[in-house]
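Comments concern the structure below.
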Amino acid sequence: MLGYLHCTLRDASFPNMTAVQAAFAVVNKGVRPIIPNDCLPALGEIMTRCWDPNPDVRPPFTEVVRMLENAETEIMTTVRKARFRCCMVQPMTAD
């Protein structure tokens, strides 16, 4: 969900739903937010893999960190730095 928030700082993840309604929809109906068209493909892929309904298919956290590290160049060169300013203070690390 963190990646989704970075792609959509201007929008609500589940418009017209309370937090409880959104949680119910995610858990019981498999509802997921729509990934915006302007979201980087690398981040979209990470989000959709983490949202897989089967927990055994979701990547472990160490793999998510690796995917983010691999996407770091794309993120830093494609996205306006102002949008990710809060995340750029320290480099991503696995420890």
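The values are calculated or read from the model by the stated rules, or taken from the named source; none is laboratory data. Everything quoted here is computed from the prediction, not taken from an experiment. So basically every Cβ, Gly included, is an ideal-geometry build from the backbone, and we count neighbours across all protein chains shown.
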Could you say whether any residue in the stretch 58-70 is modelled with pLDDT of 90 or more, surrounded by fewer than 13 Cβ atoms within 10 Å (Cβ to Cβ) and of a type outside the set (Ser, Thr, Tyr)? yes
Out of curiosity, is residue 26 among the hydrophobic types (A, V, I, L, M, F, W, C) and surrounded by fewer than 10 Cβ atoms within 10 Å (Cβ to Cβ)? no
For residues that are modelled with pLDDT of 80 or more and either assigned to a loop (DSSP other than H, G, I, E, B) or in contact with a Ser or Thr (Cβ under 8 Å, 6 or more places away or on another chain) (or both), tally how many sit in the stretch 16-54. 18
